[in-house]
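The structure appears below as structure tokens.
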């Protein structure tokens with residue numbers, strides 16, 4: 001029997017030996033926290049080296065773990081991953097939807113970069129009077145900003161979009177996020193109503209200029225405060 005705790009130990013070992021970009025666990029261990037074997041997707045740089053050499057390093061890294069449980073590692077370069085993912089590979093789509101990220105190289109910096117880009121997009125859309133898009137990308141900026149701060153404290157990434165939960169977790173990690181309850185509920189409503197016609201889109205209907213201004217203000221204030 002192999003557990004999620006075992007999977008984390010394997011990911012830490014791989015991070016120091018083959019230096020992957022990401023290690024994702026999928027299958028029964030990702031779903032139930034335990035299983036008969038450990039399924040791992042290991043994403044490496046395109047410049048990681050010869051395939052045979054990478055597999056040799058992988059084998060030596062996992063050799064001691066093989067004595068304890070069965071491991072099924074799948075190694076893929078980042079460009080190959082992107083190509084097959086955007087070609088709708090069922091295997092990769094399943095891993096992305098059901099898997100759990102155990103390791104990401106330069107996680108905090110990567111999420112901060114994405115958050116900053118989301119903020120830039122939101123501001124551009126606001127200037128062009130696309131307020132629904134403004135609200136959505138401001139929400140994405142805020143979510144990625146908080147997750148970046150958590151990852152910097154050693155938090156294990158989880159697929160949560162609920163700001164109530166993210167802010168509560170942040171407090172456990174002694175991260176001060178200055179947001180009122182009304183603003184938190186407002187930003188949560190953006191994600192829940194991100195598709196056309198959904199009930200609950202900013203509870204009052206289609207986003208207007210005032211909604212875009214509010215979403216931008218909240219995202220920008222927290223983004224800047226957490227960078228400091």
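Failed condition for residue 111, given (1) modelled with pLDDT of 95 or more; (2) in the same structural domain as residue 151 (by TED's automatic domain parsing), with all others met? Answer for residue 111: the failing condition is (1). None of 136, 131 is more than 20 Å from residue 113 (Cβ to Cβ) and assigned by TED's automatic domain parsing to the domain that holds residue 218 except 131. The residues listed here are 58, 38; of these, the one that is surrounded by 13 or more Cβ atoms within 10 Å (Cβ to Cβ) and touching a residue at least 40 places away in the same chain (Cβ under 8 Å) is 58. Report whether or not residue 95 is within 22 Å of residue 29 (Cα to Cα), in contact with a strand residue (DSSP E or B) (Cβ under 7 Å, 6 or more places away or on another chain) and part of a helix (DSSP H, G or I). It is true that residue 95 is within 22 Å of residue 29 (Cα to Cα), in contact with a strand residue (DSSP E or B) (Cβ under 7 Å, 6 or more places away or on another chain) and part of a helix (DSSP H, G or I).
The condition of being exposed (fewer than 13 other Cβ atoms within 10 Å of the Cβ), under 26 Å from residue 147 (Cβ atoms) and in the same structural domain as residue 151 (by TED's automatic domain parsing) holds for residue 120.
All of (1) surrounded by 14 or more Cβ atoms within 10 Å (Cβ to Cβ); (2) closer than 27 Å to residue 107 by Cα; (3) at pLDDT 85 or above hold for residue 186 with one exception: (2). Among the conditions (1) surrounded by 14 or more Cβ atoms within 10 Å (Cβ to Cβ); (2) not in a helix (DSSP H, G or I), the only one that residue 72 does not satisfy is (1). Kindly indicate whether any position in the stretch 19-39 is part of a helix (DSSP H, G or I), modelled with pLDDT of 90 or more, over 21 Å from residue 155 (Cβ atoms) and not assigned by TED's automatic domain parsing to the domain that holds residue 159. There is at least one residue in the stretch 19-39 that is part of a helix (DSSP H, G or I), modelled with pLDDT of 90 or more, over 21 Å from residue 155 (Cβ atoms) and not assigned by TED's automatic domain parsing to the domain that holds residue 159.
The values are calculated or read from the model by the stated rules, or taken from the named source; none is laboratory data. Since the model is a prediction, treat every value here as computed from it, not as a measurement. Every residue, glycine among them, receives a Cβ derived from its backbone with ideal geometry; neighbour counts consider all protein chains shown.
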